[in-house]
Protein chains: 2
Amino acid sequence: MDELAGRSLDWINGAVHMVDQTRLPTDYEVLVVDTAEDMTAAIKRLSIRGAPGIGVAGAYGVALAVRQYGGDPNRLSAAISSLRTARPTAVNLARMVDRAATIIDHGFDAVLQEAHTIRREEIDASFSMGQYGADLFQDLIERPDLRVMTICNTGALAAVERGTALAVIQTLHERGVLREALPVETRPLLQGSRLTAWELDRMGAPHRLLVDSAGPFMLARGAADIVVTGADRVAANGDTANKIGTFSLALGARYAGVPFVVVAPESTVDMGTPTGSSIEIEDRGAAEIITVRGVQTAPRRTQAMNPAFDITPVDLITALVTDRRVVRFDRGQTLASVKPGSLRR
Amino acid sequence: MDELAGRSLDWINGAVHMVDQTRLPTDYEVLVVDTAEDMTAAIKRLSIRGAPGIGVAGAYGVALAVRQYGGDPNRLSAAISSLRTARPTAVNLARMVDRAATIIDHGFDAVLQEAHTIRREEIDASFSMGQYGADLFQDLIERPDLRVMTICNTGALAAVERGTALAVIQTLHERGVLREALPVETRPLLQGSRLTAWELDRMGAPHRLLVDSAGPFMLARGAADIVVTGADRVAANGDTANKIGTFSLALGARYAGVPFVVVAPESTVDMGTPTGSSIEIEDRGAAEIITVRGVQTAPRRTQAMNPAFDITPVDLITALVTDRRVVRFDRGQTLASVKPGSLRR
């Protein structure tokens with residue numbers, strides 16, 4: 001991330017500049033987005049992705065909409081509505097668009113400042129998760145250099161800077177205690193190969209890539225000291241929804257006797273969902289499974305079972321790290337018993 | 001498999017005809033191989049693959065070599081030696097080449113008859129495994145229609161006809177008791193997508209394809225009644241080496257409480273290997289991981305950990321089915337306590 005100095009997006013000279021994530025890992029291109037319509041399109045085609053990342057992008061999109069349509073309430077409202085629904089399942093997007101939209105009457109400058117504030121909050125949260133997580137890892141593992149397995153992309157590209165689970169790996173690397181990161185490729189969309197390997201390379205962190213199904217076996221063979229993942233949603237009892245493949249790594253970690261840690265911001269904790277069994281699993285259809293980056297890999301009419309994410313039960317999770325607390329499930333702590341504290345800075 | 005009527009290869013009009021497996025699933029092409037050199041090349045580039053398949057191909061290759069070089073012992077010996085080492089790790093190839101080579105002095109017709117005999121034995125073994133396996137599955141599961149998860153390609157394409165684990169699925173389908181087969185795609189080389197989905201389609205068996213990491217989670221969600229896999233080698237204690245990803249499915253099956261069954265011919269049982277920990281794991285390097293069917297999916301210089309297979313410990317295996325016996329590990333039976341019996345016909 002040369003131009004953007006380790007950020008997925010930034011506000012530069014009156015426009016949002018963002019890494020076009022659809023072009024990675026083969027090309028590093030920066031998109032310049034200066035209209036709400038272009039922002040909606042960029043979010044839809046996944047040029048920017050990850051819950052925190054699209055939340056910030058959405059807030060900037062509202063600022064762009066106010067600059068375009070400040071005198072035309074109907075067009076402004078339509079532009080904001082399109083932004084809000086560009087990705088229907090990501091709660092962060094709607095939440096941050098709504099937050100920016102509450103002050104549109106104060107004008108472009110005020111909304112832009114709110115977007116900057118949201119961006120700053122996401123960056124601060126990522127930094128804090130990295131510190132809480134790295135401290136926990138160094139407590140859990142009695143080695144001077146850690147080998148950490150992870151899945152999907154949870155780095156700066158999924159947020160603004162640093163990310164969630166990958167922020168912990170980055171912090172360990174900055175502390176000089178990361179021996180090796182072991183990302184799995186994360187089929188079907190290969191976020192581990194395309195994005196995480198690219199980010200680890202950019203941060204100079206030693207790493208090796210694995211196919212997803214090699215993760216549990218290499219854990220059993222002692223190849224890693226700990227597994228760390230992000231989360232799409234954490235239920236009130238600690239059950240965690242995350243990218244498909246997370247559950248397999250949790251089973252492998254349990255078999256191998258290594259800790260399994262979830263890292264996610266407080267906004268991911270959903271106390272309104274009692275357990276993982278209340279979470280519906282989206283099936284994304286066959287197209288992603290029978291082709292890889294446009295190349296056909298199975299007979300064209302093959303049907304598929306394509307769960308987008310899985311549920312890891314809390315009894316397989318050692319701890320949850322957020323930007324404001326560490327909940328040690330392995331010691332009987334719960335989300336109710338450990339209250340959120342302060343950000344680490 | 002139109003022309004070859006469900007076989008991976010056959011002897012037709014003085015030559016070996018084989019499905020070119022490198023072209024599947026997009027193209028069905030039959031290679032005609034009438035020299036030992038072409039056979040060696042076909043085995044090397046994986047046009048024919050699977051331990052039983054390349055064993056039979058190797059035996060026919062010896063017959064072709066005798067026809068070419070019957071009067072020239074040096075060239076004959078060189079051609080046989082090249083065949084024997086076309087795939088260094090597959091013990092079946094060397095074993096069947098050696099068997100055919102012991103009678104080269106009897107001339108082409110005798111060697112060809114021996115190759116036909118080897119082919120017949122493989123077909124009989126596949127049929128027998130299918131019968132033993134299907135009976136076992138119907139014993140283990142109290143449902144009228146079975147949902148069966150599997151990995152890699154263990155069908156006719158890996159043998160001559162029917163195969164090993166997939167022979168059991170085919171037999172269940174022929175008995176009218178297969179509700180659904182659930183192959184996982186089997187990264188990195190996608191044998192599940194490219195070959196198994198294609199074979200299931202050809203046999204008219206209902207099936208859905210999954211990414212590898214979805215297997216354990218969908219087992220936990222109750223999507224399958226049983227898991228069945230082939231084997232590269234079975235150690236004396238029952239520990240089983242098989243395609244990477246097999247261990248993950250075994251963990252998932254155990255978590256879900258469903259049986260996990262290995263199907264392999266007697267020739268795969270290696271009483272000289274005491275346990276799985278004596279089996280060396282081949283690492284096949286980064287190229288297979290950072291590209292998929294020629295398309296780059298990770299940064300070019302990415303390093304990888306690429307174990308070609310994994311070891312499933314016997315305590316995660318319900319039973320081993322061979323062409324001559326069923327060993328119920330879940331009931332305390334062992335390879336020593338259950339002697340091989342007769343073929344099922």
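Only one of these is farther than 29 Å from residue B:164 by Cα, among the β-branched types (Val, Ile, Thr) and modelled with pLDDT of 95 or more: B:56, B:62, B:97, B:66. Name it. Please lay out each step first, then the result.
Details: B:56 fails: farther than 29 Å from residue B:164 by Cα; B:62 fails: farther than 29 Å from residue B:164 by Cα; B:97 fails: farther than 29 Å from residue B:164 by Cα.
Among B:56, B:62, B:97, B:66, only B:66 is farther than 29 Å from residue B:164 by Cα, among the β-branched types (Val, Ile, Thr) and modelled with pLDDT of 95 or more.
Just need a number here: residues in the range A:248-279 that are open to solvent by less than 30 Å² (accessible area, probe 1.4 Å), more than 13 Å from chain B (Cβ to nearest Cβ) and outside any loop (DSSP other than H, G, I, E, B).
Going through the range A:248-279 one residue at a time, the tally reaches 6.
Exactly one of these conditions fails for residue A:142: (1) open to solvent by 10 Å² or more (accessible area, probe 1.4 Å); (2) at pLDDT 95 or above. Give me its number.
The failed condition is (2).
Taking the range A:78-105 as the region of interest, how many residues are open to solvent by 70 Å² or more (accessible area, probe 1.4 Å) and farther than 26 Å from residue A:124 by Cβ?
3
Mind checking which residues of the range B:305-330 are more than 25 Å from residue B:252 (Cα to Cα) and touching a Gly at 6+ places or on another chain (Cβ under 7 Å)?
Filtering the range B:305-330 for residues more than 25 Å from residue B:252 (Cα to Cα) gives B:323-325.
If the condition is that a residue be more than 25 Å from residue B:252 (Cα to Cα) and touching a Gly at 6+ places or on another chain (Cβ under 7 Å), then B:324, B:325 are the ones that fit.
I'm trying to understand the selection: among the residues of the range B:41-100, which are over 19 Å from the mean Cα position of the chain (by Cα) and among the basic types (Lys, Arg)?
Hits for the range B:41-100 are B:67, B:75, B:99.
When you go through A:269, A:262 one by one, which is the residue that is touching a Gly at 6+ places or on another chain (Cβ under 9 Å) and β-branched (Val, Ile, Thr)? Break it down into steps so the answer makes sense when it comes.
Numbers: A:269 fails: touching a Gly at 6+ places or on another chain (Cβ under 9 Å).
The match here is A:262.
Can you tell me how many residues within the range A:207-247 are under 28 Å from residue B:277 (Cα atoms) and open to solvent by 10 Å² or more (accessible area, probe 1.4 Å)? Steps first, answer last, please.
Going residue by residue through the range A:207-247, those that are under 28 Å from residue B:277 (Cα atoms) are A:207-228, A:245-247.
Next, only the ones that are open to solvent by 10 Å² or more (accessible area, probe 1.4 Å) stay: A:207-208, A:212, A:218, A:220-223, A:225.
Looking only at that region, the number is 9.
Among the listed residues A:35, A:26, identify the single one that is closer than 27 Å to residue A:308 by Cβ and either among the polar types (S, T, N, Q) or surrounded by fewer than 24 Cβ atoms within 10 Å (Cβ to Cβ) (or both).
Working: A:35 fails: closer than 27 Å to residue A:308 by Cβ.
Answer to the check: A:26.
Does residue B:129 fit the bill of being open to solvent by less than 20 Å² (accessible area, probe 1.4 Å) and in contact with an Asp or Glu (Cβ under 6 Å, 6 or more places away or on another chain)? Break it down into steps so the answer makes sense when it comes.
On the way: open to solvent by less than 20 Å² (accessible area, probe 1.4 Å): yes; in contact with an Asp or Glu (Cβ under 6 Å, 6 or more places away or on another chain): yes.
Here the answer is yes, as residue B:129 does meet what is asked.
Among the candidates B:157, B:172, B:182, which residue alone is out of contact with any Pro (no Cβ under 6 Å at 6 or more places or on another chain), part of a strand (DSSP E or B) and open to solvent by less than 10 Å² (accessible area, probe 1.4 Å)? Lay out the reasoning, then the answer.
On the way: B:157 fails: part of a strand (DSSP E or B); B:172 fails: part of a strand (DSSP E or B).
Only one candidate passes the filter, namely B:182.
Can you name every residue in the range B:194-245 that is among the hydrophobic types (A, V, I, L, M, F, W, C), assigned to a loop (DSSP other than H, G, I, E, B) and within 11 Å of chain A (Cβ to nearest Cβ)?
Matches in the range B:194-245: B:211, B:223, B:224, B:244.
Of all residues being within 29 Å of residue B:262 (Cα to Cα) and among the hydroxyl-bearing types (Ser, Thr, Tyr) in the range B:280-323, which is farthest from the other protein chains (Cβ to nearest Cβ)? Just the residue, please.
So, considering only residues that are within 29 Å of residue B:262 (Cα to Cα) and among the hydroxyl-bearing types (Ser, Thr, Tyr), the one farthest from the other protein chains (Cβ to nearest Cβ) is B:322.
Write out, first by first residue and then by second, each pair whose Cβ atoms fall under 7 Å of each other, whose residues are 6+ apart or on separate chains, and whose first residue, in the range A:93-110, is on the phi > 0 side of the Ramachandran plot while the second is surrounded by 17 or more Cβ atoms within 10 Å (Cβ to Cβ).
A:107/A:66
Can you confirm whether the range B:296-303 contains a residue that is open to solvent by 10 Å² or more (accessible area, probe 1.4 Å), farther than 27 Å from residue B:171 by Cα and among the aliphatic types (A, V, I, L, M)?
No: zero hits.
Given the criteria of a type in the set (Lys, Arg) and more than 23 Å from residue B:49 (Cβ to Cβ), does residue B:179 qualify?
On the way: of a type in the set (Lys, Arg): yes; more than 23 Å from residue B:49 (Cβ to Cβ): yes.
For residue B:179, the condition - of a type in the set (Lys, Arg) and more than 23 Å from residue B:49 (Cβ to Cβ) - is met.
Give A:288, A:282 a once-over and let me know the one that is touching a Phe, Trp or Tyr at 6+ places or on another chain (Cβ under 8 Å), among the charged types (D, E, K, R) and open to solvent by 20 Å² or more (accessible area, probe 1.4 Å). Show your work before the answer.
Numbers: A:288 fails: touching a Phe, Trp or Tyr at 6+ places or on another chain (Cβ under 8 Å).
Answer to the selection: A:282.
Among the residues of the range A:164-212, which ones are in contact with an Asp or Glu (Cβ under 8 Å, 6 or more places away or on another chain) and at positive phi?
The one that is in contact with an Asp or Glu (Cβ under 8 Å, 6 or more places away or on another chain) and at positive phi: A:186.
When both residues are 6+ apart or on different chains and their Cβ atoms are under 7 Å apart, which pairs have a first residue that lies in the range A:229-242 and is closer than 21 Å to residue A:130 by Cα, and a second that is among the aromatic types (Phe, Trp, Tyr)?
Sorted first by the residue in the range A:229-242, then by its partner, the pairs are A:232/A:309; A:238/A:329; A:241/A:309; A:242/A:309.
Among the residues of the range B:284-308, which ones are at pLDDT below 95, in contact with a strand residue (DSSP E or B) (Cβ under 6 Å, 6 or more places away or on another chain) and assigned to a strand (DSSP E or B)?
Result: B:292, B:295.
Looking at (1) at pLDDT 95 or above; (2) open to solvent by 10 Å² or more (accessible area, probe 1.4 Å); (3) of a type in the set (Gly, Ala, Ser), find the lone condition where residue B:192 falls short.
(2)
Name every residue in the range A:132-154 that is of a type in the set (S, T, N, Q) and in a helix (DSSP H, G or I), in order of residue number.
Taking the range A:132-154 first, the residues of a type in the set (S, T, N, Q) are A:138, A:150, A:153-154.
The answer is A:138, and nothing else.
The values are calculated or read from the model by the stated rules, or taken from the named source; none is laboratory data. Everything quoted here is computed from the prediction, not taken from an experiment. Backbone-built Cβ (ideal geometry, glycine too); neighbour counts: all protein chains shown. What goes into the accessible areas is simple: the full protein's heavy atoms, side chains included, and nothing from ligands, DNA or RNA. Shrake-Rupley method; radii C 1.70, N 1.55, O 1.52, S 1.80 Å.
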